[in-house]
Amino acid sequence: MREQFFPGAWYGDVWPSGERIVMYPGPEQDKPETAGRIARVETDKGDLSLPVGERYGPMFVRRCKPSDGFRVAGLMHDVGSFWEHAGTRWDKWGYVGGRADYVNGALQDIAPAGIGYVDDAGRPVPFTESHEPKHGVSQWSETAGLTIGQGHDARGVLVYDGSALRVIDTGSCNEIRVHRDGDNVSVTYRKDGAGLYSRIYTLAELRSLPVLDTGPVDPPSVTPPPPPEIPMTPNRVDIAQAVAAQYPDLVKLNTSGACGRLTEYIAQVLHQADSGWGLLSKSPGEHQYNGHAIDAVIYRPTQQVIDLMSGAGDRDPDSGVPIDQQHDIRIKWDEVAKRPGNEWMDPGGDVPPPPPQPPPDDDAIKQLTKSVAALNARADSQQAQLIGIKEELVGAANAYREMTDRITALEQRPTTTGGHVKGKTSKAGGGWFGPSHAHDIDLPVEP
């Protein structure tokens, strides 16, 4: 048997050939005794830095099969969700049941409580199944005909070989992980008050361990308590948009002060709907309004920060944004990482009433009435002018037809001698054609 000990570590996953991920926890909120702890993630490829905003470290860590390369994963305590690291950076993977694992080289998860372990055939066994007592052990894994897990009554880490329970370790032990590579089996577990142990056995060594001499092999079945629920951050962009619609002057102004005031109003309405919502505190030297972010809120149960506004403060005198590129406040709902030192703040106060609507302006109404009357009078005058023009055009057309008829009649009259044809046309006065007037017509007639 070969043993590795990681003092102070809480979670780990170690393969028989030594590939591993081990998590040393950082400080916990509301637990001052943990303030001096520094989170660390140790792997066979070296230590990994944590995602922005994560101070405690990943829980339920997993390391893929060595033949599948280097990939590790874990459930982040502070920023939430499962994250995966493939050698260059942490990437947010998601959340289904809370205990993801590598199945055939890929990270998978199962509702409602995740994966307990992956069996020798590559089948993911649900945690709800492996948590149930079997052969005197709980939270078990099975490999090569052995059942390895937490002692259900006798505590410790036990292995059932088909006929007897054998002892790997005693005391309060949990978070047991088992991997087999040929004849070698790794058993990794946390022992309270000490740290993380990883022991590498051959199958023969496991079957020759000391036999447990107390407790029944098959105790009565006991329903385990459900795994703790991890809260999710609700999306309440509807509230943010509704509050912004009540304050169009602040939306139009879009200075840091206007954004900060509108953020306070939104936080107060969110807090009334769910007391987990609050303002996001800012440290000295950071851009802020009344000690909080000008455009963000935070949900305390998940420590998730929400960025509420695009282009916040565009119209500040020193914003540097060209005038033709400045916009009104635009509401959005983006989840962003929480920075160290930025914490939840009570928004305080009652929900503010909507701003009062300005009363009607009597002078403005009178002026508007006069303008409408003037427009109506002008329209009446123009209509009368159009009627007069139409009448003049009809009269001119009639006079033209009369003159044409006279000329036609003269041309058709037989004549043998020369002479003249005389006539007269007249036009009534007024309008565009000037005063009344007449024309004498004297046409010579050729013989």
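The figures follow:
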{"quantity": "Cβ-based charge dipole, the range 237-345, positive-most Cα from 276, 323, 287", "calculated": "276"}
{"quantity": "Per-pair calculated FRET efficiency, R0 = 45 Å: residue 204 and residue 230 via Cβ, rounded to 0.05", "calculated": "0.65"}
{"quantity": "Alpha-carbon gyration tensor eigenvalues x 5, square-rooted, for the chain, Å", "calculated": "94, 30, 19"}
{"quantity": "For the range 79-92, 3J(HN,Hα) per residue [Karplus equation, 6.51 cos²θ - 1.76 cosθ + 1.60, θ = phi - 60°, Hz, x = Gly/Pro]", "calculated": "8, x, 6, 7, 10, 10, 10, 10, x, 10, 6, 7, 10, 5"}
{"quantity": "The chain: angle of helix 362-412 to the longest principal axis, Cα-based, in degrees nearest 10", "calculated": "50 degrees"}
{"quantity": "Built amide H within the under 5 Å cut-off of residue 343, gap 5+", "calculated": "281"}
{"quantity": "Other-chain or far-sequence residues with amide H under 5 Å of residue 338's (modelled H)", "calculated": "305"}
{"quantity": "Virtual spin-label span in nm between residue 332 and residue 222, 7 Å along Cα→Cβ", "calculated": "5.2 nm"}
{"quantity": "Computed over the range 237-345, the ratio Rg/Rh where both radii use C-alpha atoms and Rh is Kirkwood", "calculated": "0.96"}
{"quantity": "Two-site label geometry, residue 374 and residue 33: point separation in nm, points 7 Å out along Cα→Cβ", "calculated": "8.4 nm"}
{"quantity": "Residues with amide H under 5 Å from that of residue 137, placed H, sequence gap 5 or more", "calculated": "152"}
{"quantity": "Charge context of residue 126, other residues only, Cβ under 13 angstrom, K/R +1, D/E -1", "calculated": "-3"}
{"quantity": "Note, ³J(HN,Hα) from phi for the range 140-147, Karplus 6.51, -1.76, 1.60, rounded to Hz, x at Gly and Pro", "calculated": "9, 10, 10, 7, 6, x, 10, 10"}
{"quantity": "The range 54-142, relative contact order [Cα under 8 Å, separation at least 6], %", "calculated": "16 percent"}
{"quantity": "Cα-only radius of gyration and Dmax that characterise the range 2-207, units Å", "calculated": "16.3, 50"}
{"quantity": "Degrees, to the nearest 10: 256-273 long Cα axis against longest axis of the chain", "calculated": "60 degrees"}
{"quantity": "Choice from 139, 325, 383 showing the highest fluctuation, given a GNM over the chain with Cα pairs closer than 10 Å", "calculated": "383"}
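Rule-based calculations on the coordinates, nothing more; no lab input. This is a predicted model, so every value here is computed, not measured. We place every Cβ from the backbone using ideal geometry, glycine too, and count neighbours over all the protein chains shown.
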